[in-house]
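Below is one structure, written out as structure tokens; the observations come after it.
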Amino acid sequence: MSSSVVVVPRSHWISAWFLLLFAVPVVRVDDVDHPARWGQPTEITVEPGSHRVGVGARYHGTRSAVGIGGAESSFVVAEQQRLLLDARNGFFNHDPFRVTERSIGALR
């Protein structure tokens, strides 16, 4: 079994309607972007050690993602660990996503 980071991107309930219609989430692990889906787990295989994780939203037709810049968090992943993380943006759709470690439990 390899190590991985599992991120569930979610939007703030106020801006959710806008983001769900006009943007897709992006999970950034160690400066590499991975496409994601709102409310769905995105699993990325990583080597054991420290990793920078950020989440943002990429509007349809654009290349850059908003909400990531300067908002990446560092996490340590142990060998054969599946680190579960939640990510949620702030009140406004351009607010940075806050990435937090999920407490023990099943993905919802």
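Only one of Trp17, Trp13 is among the aromatic types (Phe, Trp, Tyr) and assigned to a helix (DSSP H, G or I). Can you tell me which? Step through it out loud before you land on a result.
Working: Trp13 fails: assigned to a helix (DSSP H, G or I).
Selected residue: Trp17, the only one of Trp17, Trp13 that is among the aromatic types (Phe, Trp, Tyr) and assigned to a helix (DSSP H, G or I).
Which residue, of Ala71, Ala57, Ala65, Ala23, is crowded, with 21+ Cβ neighbours inside 10 Å and either of a type in the set (Lys, Arg) or without any contact (Cβ under 8 Å) to a residue 40 or more places away in the chain (or both)?
When all the criteria are applied, what remains is Ala65.
Please specify each residue of region 71-95 satisfying the condition of being touching a strand residue (DSSP E or B) at 6+ places or on another chain (Cβ under 8 Å), in a loop (DSSP other than H, G, I, E, B) and either modelled with pLDDT under 90 or among the hydrophobic types (A, V, I, L, M, F, W, C) (or both).
Within region 71-95, Ala71, Glu72, Ala78, Asn89, Gly90, Asn93, His94 meet the criteria.
So which residues in region 55-70 are outside any loop (DSSP other than H, G, I, E, B) and within 11 Å of the chain's Cα centre (by Cα)?
Correct list: Val55, Gly56, Ala57.
Scan region 26-54 residue by residue and report those that are surrounded by fewer than 20 Cβ atoms within 10 Å (Cβ to Cβ), in a loop (DSSP other than H, G, I, E, B) and without any contact (Cβ under 8 Å) to a residue 60 or more places away in the chain.
Those that are surrounded by fewer than 20 Cβ atoms within 10 Å (Cβ to Cβ), in a loop (DSSP other than H, G, I, E, B) and without any contact (Cβ under 8 Å) to a residue 60 or more places away in the chain: Asp30, Asp31, Arg37, Trp38, Gly39, Gln40, Glu47, Pro48.
The values are calculated or read from the model by the stated rules, or taken from the named source; none is laboratory data. These figures come from a predicted structure and were not determined experimentally. Note that we place each Cβ from the backbone using ideal geometry, even for glycine, and neighbour counts take in every protein chain shown.
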